[in-house]
1. Compute, for the chain, the length of the dipole vector about the Cα centre, with Cβ point charges of +1 (Lys, Arg) and -1 (Asp, Glu) only. Units Debye, rounded to 20.
2. For the chain, modelled as a Gaussian network with Cα springs under 10 Å, which listed residue fluctuates most, Val45, Val363, Val233?
3. In a Gaussian network model over the chain where Cα atoms closer than 10 Å are linked, find which of Ile300, Ile34, Ile80 has the largest mean-square fluctuation.
4. State, in angstrom, two size descriptors of the range 207-250 derived from its alpha carbons: Rg to one decimal place and Dmax to the nearest whole number.
5. Share of antiparallel DSSP beta bridges in the chain, in percent to the nearest 5?
6. Whole-Hz ³J(HN,Hα) for each residue in the range 256-270, computed from phi via Karplus 6.51 cos²θ - 1.76 cosθ + 1.60 with θ = phi - 60°, x for glycine and proline: what do you get?
7. To the nearest 0.05, how large is the calculated FRET efficiency for Ala391 and Thr305 if R₀ is 25 Å and r is the Cβ-Cβ distance?
8. Rolling a 1.4 Å sphere over the protein heavy atoms, what is the accessible area per residue of the chain, to the nearest Å²?
Amino acid sequence: MSGLALIADALGATVTGSDRARSSYVERLREHGIEPALGHASANVPSGAEVVYSTAVAPDNPERLAAERQLHRADLLAEIAALRRCLAVTGTHGKTTTCAMVVHALRGAGLDPSYVVGGELRSTASNAGWGSGEWIVIEADESDRSLLKLTPEIAVLTNAELDHHSTYASRLELEQTFSTFMARAGDRAVVWDRPALRALCPPGALVYDAPDPVLGPTGSRFDWRGIEVALMVPGAHNAVNAAGALTACALAGAQPGPAVAALADFAGARRRLELLGQTAAGVPVYDDYAHHPTEVAAAIAAARTLASGRLVAVFQPHLYSRTRALARAFGSALAAADAVVVLPIYPARERAEDFPGVDGRTVAAAVADASPRRPVAWLPGFDAARVFLDAKLRTGDLCLVMGAGDVDSLGRSLVG
């Protein structure tokens, strides 16, 4: 939503808005002269304004009730995407990082794209920008099927796993959505080279992979089309993301050499294995947006390449529906850490009373079941977690906080 606000402002609209709490995104908008109100109220809506809302904002929200005209964020995104040639990235995991890599590589190749991404690029300190080039790079969101509003010229599919259980009744429904979307790109579809994913794409889709990357504390190296690619972001999953990004960039007309060279200094996207700082005891604290078992496993594996000491994972589950469906898988993924702290569920758009018996202890118990001798703690809030971690973290550890809610604020308080 903040990215759409920045683009609308860049295109000449007068932009106002609101959010329920202060965040770094609110501060970023203020830097651009947009002053969001804190808290939702009908008085926030100027006369005659078109109110753009996300799926998380219910129909009875006072600002939606006061609106003379309403537009879902996906419709505004589609309008913006139609102004340029559209390169869109979708998939359950890796969308934000792959999009960010595409933007960074295209900029390095001199193509200066516009972009709307689900996280801030560290190289631009923004999640959106209006460039001078002919392409716009879009993160296509499957969570509410809003990707189907887009008609991309180039489409990238990173992977496909059921993650949004309140939207899709089955994996088959999710796969049908991805298949419909990827068909729109025809022979300019780009997909990770896995049989189940190729089956979701039209004939002639271009495949990518990064087999056998060399991993280390300074990043990774792998071969793409006979060219060695060096990355400073850690993890095998980021090597695969880069292969997909480079394949899409080549389709968009970027010269391979400059695109590959640009990725050498790609610093990542915010909240994707982002180093927040060190505790008073010298323990590095990393933050990651992982909120699905596959993402948790990938983040822990990548963190293992950064240090050889004890890895303490702090996890904030996101959504009651996801936690109920995937608790056992979360337990198995988190058990790859040396010690685990589980926090209360971040509800987002859901209500606890609709999911009786589902809470953070559900995940903590699953970790204990998966690895009975693994130290695991369930803590009732950030204050308790901060006290616990201050006492338990020691020199030589690495602390990894994960989740799609506000757990990054806990990480920042540990290094503050």
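1. That gives a dipole near 660 debye.
2. Of Val45, Val363, Val233, the Gaussian network model singles out Val45 as fluctuating most.
3. Top of the fluctuation ranking is Ile34.
4. Spelled out, the Cα radius of gyration and Dmax of the range 207-250 are 9.4, 29 Å.
5. 30
6. Couplings: x, x, x, 5, 5, 4, 5, 5, 4, 10, 5, 8, x, 10, 4 Hz.
7. 0.35
8. Heavy-atom SASA per residue in the chain reads 41 Å².
The values are calculated or read from the model by the stated rules, or taken from the named source; none is laboratory data. Because the structure is a prediction, the values reported are computed rather than measured. So basically every Cβ, Gly included, is an ideal-geometry build from the backbone, and we count neighbours across all protein chains shown. For the accessible areas, the whole protein counts, side chains as well, though only heavy atoms, and no ligand, DNA or RNA atoms are used. Shrake-Rupley method; radii C 1.70, N 1.55, O 1.52, S 1.80 Å.
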